[in-house]
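**Student:** Please see the structure below; I have some questions.
Values quoted throughout were computed directly from the atomic coordinates according to the rules given, and no laboratory measurement underlies them. Being a predicted model, the structure only gives us computed values, none of them experimental. Cβ placement follows ideal geometry from the backbone for every residue including glycine, while neighbour counts extend to all protein chains displayed.
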Amino acid sequence: MASKSESLKGKITENFSEFSKLSDYSLINYLKADPQSTKDGNDHKPRSVYSGHYVPVVPTAIPEPEYISHSNKLFKELGLSPDLTKDHNFCRFFSGDISVADYPMSPVGWATGYALSIYGTEYTQQCPFGTGNGYGDGRAISVFEGLFNGKRMEMQLKGGGPTPYCRGADGRAVLRSSVREFLAQEFMDALGIPTSRSLTLYVSRSEIVRRPWYSKGSRYFEPDIMIDNQAAITTRVAPSFLRVGQLELFARRVRNNSHDEALNELKMIVQHLIDRNYKDEIEYEIPLESKVIKLAYLYRSRLVSLVANWMRVGYCQGNFNSDNCAAGGYTLDYGPFGFCELFDPRFQPWTGGGEHFSFFNQPSAAEINFKTFCSSLSPLLSKNEQDIEQLEQIKNDFPNLMNEELKKMWANKLGLEHYNKTLINEFFNLMVISKADYTILFRKLSYIPDNIASLKDSLYLPINDDLNNRWQVWLKNWQSALKKEANIKSKSASMKSLNPVYTWREWMIVPAYEEAEKGNYDKIKELQVVFSNPYKEQTSEIDQKYNRLKPSQFFNYGGVSHYSCSS
């Protein structure tokens, strides 16, 4: 007899009733609910959560929801008809009204807790109870888990109202942050980088929330005014939303002897992580200790690759804490992120981030998150010295592997088969001194130019004769290295596949969400098209609009060059 996933595989889902039949809930069926939670999900006030893997919560629908957009690509991948965006119940469900859920869908959603570590230091003081038992999904509520063409996906409403982890806020997301996350996730996917995805975007025509933000033309570092924002909900999609910070929470409970079931709950969530994100690579039958070792090894490889790819495209996570680090090895939580325009190794767009989360420090932040990951797994190894030593070795090898992956990435971006330290270090120096645009410069180099004139449109300031000569020497040495290795034409094609034409430029995104606030969604849809194919040159009109240097007025401009996480 065919399984549920096999019988539905390849079928296009045309309406909400058919969509409901795709449901298959592993998290709420396998893991444990907080014993103090309510079964009906009416659990919206901040409180301490002492045990359990999740809290059942019913989201709070946004009133008068209006559809803005959806991801055509993700709909196709999931076998969903675009006509679903016109289905009344589908729209109600993904704007927060899950009372329309059809059997066998769950009538409640769920929120999860996690621990907070900032650069390896454990924090509890930001928790309203001072214990760490209040950290978790404050405005994100998962509402669906199902099988789509045989692949398990979880769907989560960002801005779906308060949960017990809300820390006294309203649980809403504003249109600005929702537009940013909606566009960014699909852009990262188009760049070929593992990421959570965007399903739909809705805005409320009547609910207004107040947040601190920047006045027009503000040069302040922090927001200087309070503004009214439309509430919005974006649905993000991933194989799971399990984070390093979640494993860390359960490991802390084991260490602190918080309750009798602490060790068992840690075992359960680690096995669930394997089932959700590593089941094709880790055999179910092997002992738990062997699974733990293999999990650490596989996650290390994914995390190293992810961070190298972030840097390849100029992405800066901004707040790479353990709770913003997906245990499945993909990008998660697009809040204080940004993309480097003017090249600066210390680039950090988020005012609350600090240099430790800056562009070139991301490998170090990743290493610390991986250490947290390994220490969270260690209670499952009992006292087997061999397993403990193996896990320690996997952890200790992280910086060397990260360094080798970065060397390979930088070499490949420049068309080189082998890392040339002298050549690449001089290139970094020239980029900084010449005020180069990260994306434009690498793309121009992808054409293998032989003189500096071809690069000048990628520089923010004119260069003097001395710098001109240094660039000419560097280009000559670089071309010489390329010619020794292989055919120049094949090098150019390879470089173009790694160095995008178009990147995320915050000053291009601002008009999109500002127009959306007036009910005009054309710019959002135009950006969706541009971002869907970032490695290919598009029309001259699009190129003139989106493939250009940051205008001078947007440097040191609040809400553009830097921003707080007022989402």
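**Student:** Please work out whether segment 99-218 counts as rounded, prolate or oblate from its C-alpha gyration tensor, where a ≥ b ≥ c are the square roots of the eigenvalues and a/c under 1.5 means rounded, while otherwise a/b larger than b/c means prolate and anything else oblate? Numbers along the way, then the final one.
**Tutor:** Working: a/c = 1.35, a/b = 1.17, b/c = 1.16.
Taking the square roots of the gyration eigenvalues as a ≥ b ≥ c, segment 99-218 is rounded.
**Student:** So who's got an amide H within less than 5 Å of the one on Phe148, skipping anything under 5 residues away but keeping other chains? H placed 1.01 Å off N, in plane.
**Tutor:** Met153
**Student:** Continuing with this model, one more query. Could you tally the net charge around Ile388, taking each other residue with its Cβ under 12 Å from the Cβ of Ile388, Lys/Arg +1 and Asp/Glu -1? If you can, show how the numbers build up before the last one.
**Tutor:** Working: positive: Lys383, Lys395; negative: Glu289, Glu385, Asp387, Glu389, Glu392.
Net charge around Ile388: -3.
**Student:** Can I ask one more? From the phi angles alone, apply the Karplus equation (6.51, -1.76, 1.60; θ = phi - 60°) to segment 128-140 and give each ³J(HN,Hα) in whole Hz, x where the residue is Gly or Pro.
**Tutor:** So the J values, rounded to whole Hz, are x, 9, x, 10, x, 7, x, 7, x, 5, x, 9, 10.
**Student:** Considering only C-alpha atoms, what is the centroid distance from segment 498-552 to segment 202-242, in Å?
**Tutor:** For segment 498-552 versus segment 202-242, the Cα centre distance is 20 Å.
**Student:** Calculate how many DSSP beta bridges within the chain are antiparallel, expressed in % of all such bridges and rounded to the nearest 5. Write down the numbers at each step before the final one.
**Tutor:** Values: 45 of 50 bridges.
About 90 percent, rounded to the nearest 5.
**Student:** Using 0.36 nm per residue, how much length does the chain from Lys32 to Lys536 gain when fully extended, once their Cα-Cα distance is taken away? Working shown, then result.
**Tutor:** On the way: separation 504, 0.36 × 504 = 181.44 nm, distance 4.72 nm.
Stretched out fully, the Lys32 to Lys536 stretch lengthens by 176.7 nm.
**Student:** With r defined as the distance between the Cβ atoms of Met268 and Glu526 and R0 fixed at 45 Å, what FRET efficiency is calculated, to the nearest 0.05?
**Tutor:** After rounding, the FRET efficiency stands at 0.50.
**Student:** A follow-up question, please. Tell me, what is the FRET efficiency for Thr124 and Lys39 to the nearest 0.05, using R0 = 25 angstrom and their Cβ-Cβ distance as r? Write out the running numbers ahead of the final one.
**Tutor:** Working: r = 29 Å, r/R0 = 1.17.
So the FRET efficiency works out to roughly 0.30.
**Student:** Step through the residues of segment 542-553 one at a time and calculate ³J(HN,Hα) from phi using the Karplus curve (6.51 cos²θ - 1.76 cosθ + 1.60, θ = phi - 60°), rounding each to whole Hz and writing x for Gly and Pro.
**Tutor:** 5, 4, 5, 7, 10, 10, 8, 5, 5, x, 4, 5
**Student:** Output needed for segment 409-496: three equivalent-ellipsoid semi-axes, defined as square roots of 5 times the C-alpha gyration tensor eigenvalues, in descending order, whole Å. It would help to have the intermediate numbers written out before the result.
**Tutor:** Details: eigenvalues 82, 35, 29 Å².
Equivalent ellipsoid of segment 409-496: 20, 13, 12 Å, largest first.
**Student:** Can you tell me how segment 244-355 classifies by the Cα gyration tensor, rounded, prolate or oblate, using a/c under 1.5 as the rounded cut? Walk me through the numbers on the way to the answer.
**Tutor:** Details: a/c = 3.43, a/b = 1.73, b/c = 1.99.
Oblate, because a/c is 1.5 or more while a/b does not exceed b/c.
**Student:** Can you tell me how much longer the chain between Ser382 and Ser206 gets when fully stretched, taken as 0.36 nm per residue apart minus their C-alpha distance, in nm with one decimal?
**Tutor:** Extra length available between Ser382 and Ser206 comes to 57.8 nm.
**Student:** Also, I was wondering about something else. Roughly how big is segment 139-284's charge dipole about its Cα centre, with Cβ charges of +1 (Lys, Arg) and -1 (Asp, Glu), in debye to the nearest 20? Numbers along the way, then the final one.
**Tutor:** On the way: 22 positive and 18 negative charges, 107 e Å.
Charge dipole, segment 139-284, about its Cα centre: 520 debye, nearest 20.
**Student:** Moving on. Within segment 505-526, which residues have the backbone N less than 17 Å from the label spot 7 Å out from Arg548 along Cα→beta-carbon, could you tell me?
**Tutor:** Within reach of a label on Arg548, which here means backbone N under 17 Å from a point 7 Å along Cα→Cβ, segment 505-526 contributes 505-512.
**Student:** Here is a further query. Which value in nm describes the separation of the simple spin-label points at Glu515 and Phe221, placed 7 Å from the Cα toward the beta carbon?
**Tutor:** For Glu515 paired with Phe221, the spin-label model returns 3.4 nm.
**Student:** Turning to a different aspect of this structure: Report the Cα centroid-to-centroid distance between segment 253-321 and segment 21-54 in angstrom, as an integer.
**Tutor:** Here the two parts' Cα centres lie 21 Å apart.
**Student:** If you average the sequence gap of Cα pairs under 8 Å that are 6 or more apart and divide by the length of the chain, what percent do you get for the contact order? Numbers along the way, then the final one.
**Tutor:** Working: 1108 pairs, mean separation 79.6, N = 567.
That works out to 14 percent.
**Student:** Okay, moving on. Taking segment 488-535, which trypsin sites (Lys or Arg not before Pro) meet the DSSP loop condition and have no more than 13 other C-beta atoms within 10 Å? Walk me through the numbers before you get to the answer.
**Tutor:** Details: sites: Lys489, Lys491, Lys496, Arg505, Lys518, Lys523, Lys525; in loops: Arg505, Lys518.
Counting only loop positions with at most 13 other Cβ atoms within 10 Å, the trypsin sites (Lys or Arg not before Pro) in segment 488-535 are Lys518.
**Student:** May I ask you to list the GluC sites (Glu not before Pro) in segment 380-426 that are in a DSSP loop and have at most 15 other Cβ atoms within 10 Å of their Cβ?
**Tutor:** Details: sites: Glu385, Glu389, Glu392, Glu404, Glu405, Glu417, Glu426; in loops: Glu417.
When the GluC sites (Glu not before Pro) of segment 380-426 are filtered for loop state and at most 15 Cβ neighbours within 10 Å, Glu417 remain.
**Student:** If I take every Cα pair under 8 Å that is 6 or more residues apart in segment 362-507, average their sequence separation and divide by the length, what percent do I get for the relative contact order? Don't skip to the answer; put the middle values down first.
**Tutor:** Values: 114 pairs, mean separation 35.5, N = 146.
Rounded, it is 24 percent for segment 362-507.
**Student:** What value, in deg cm²/dmol to 500, does the helix sum -39500 (n - 2.57) over DSSP H runs of n ≥ 4 give at 222 nm once divided by the residues of the chain? Display every interim value, and only then the final one.
**Tutor:** Working: 19 runs with 220 residues, N = 567.
My calculation for the chain gives -12000 deg cm²/dmol from helical runs alone.
**Student:** While we're looking at this one, here's another question. From the square roots a ≥ b ≥ c of the eigenvalues of the alpha-carbon gyration tensor of segment 526-567, which class results: rounded (a/c under 1.5), prolate (a/b over b/c), or oblate?
**Tutor:** Working: a/c = 3.48, a/b = 1.70, b/c = 2.04.
Oblate is the answer for segment 526-567, as a/c is 1.5 or above yet b/c matches or exceeds a/b.
**Student:** Further question: Tell me the relative contact order for segment 247-407 as a rounded percent, counting alpha carbon contacts under 8 Å between residues six or more apart. Walk me through the numbers before you get to the answer.
**Tutor:** On the way: 193 pairs, mean separation 43.6, N = 161.
Worked out over segment 247-407, it gives 27 percent.
**Student:** What's the center-to-center distance, using Cα atoms, between segment 98-145 and segment 323-371 in Å?
**Tutor:** That distance is 22 Å.
**Student:** Still on this model: Full-extension gain between Leu288 and Asp457, please, as 0.36 nm times their residue separation minus the C-alpha to C-alpha distance.
**Tutor:** Working: separation 169, 0.36 × 169 = 60.84 nm, distance 5.62 nm.
That works out to 55.2 nm of additional length.
**Student:** Pairs Lys291/Lys408; Lys413/Lys476; Lys413/Lys435; Lys413/Lys484; Lys279/Lys407; Lys158/Lys550: which exceed 21 Å Cα-Cα?
**Tutor:** On the way: Lys291/Lys408 29 Å; Lys413/Lys476 17 Å; Lys413/Lys435 19 Å; Lys413/Lys484 17 Å; Lys279/Lys407 31 Å; Lys158/Lys550 30 Å.
Correct reply: Lys291/Lys408; Lys279/Lys407; Lys158/Lys550.
**Student:** A further question follows. What is the local net charge at Ile542, summed over the other residues whose Cβ is closer than 15 Å to its Cβ (Lys, Arg +1; Asp, Glu -1)? Don't jump to the answer; show the numbers that get you there.
**Tutor:** Working: positive: Arg443, Arg505, Lys523, Lys525, Lys536, Lys545, Arg548; negative: Asp522, Glu526, Glu537, Glu541, Asp543.
Once all neighbours under 15 Å are counted, the net charge is +2.
**Student:** In whole Hz and in residue order, list the ³J(HN,Hα) couplings for segment 217-232 that follow from phi through the Karplus curve 6.51 cos²θ - 1.76 cosθ + 1.60, θ = phi - 60°; x for Gly and Pro.
**Tutor:** Result, rounded to whole Hz: x, 4, 10, 6, 6, 9, x, 10, 9, 9, 10, 7, 10, 6, 6, 9.
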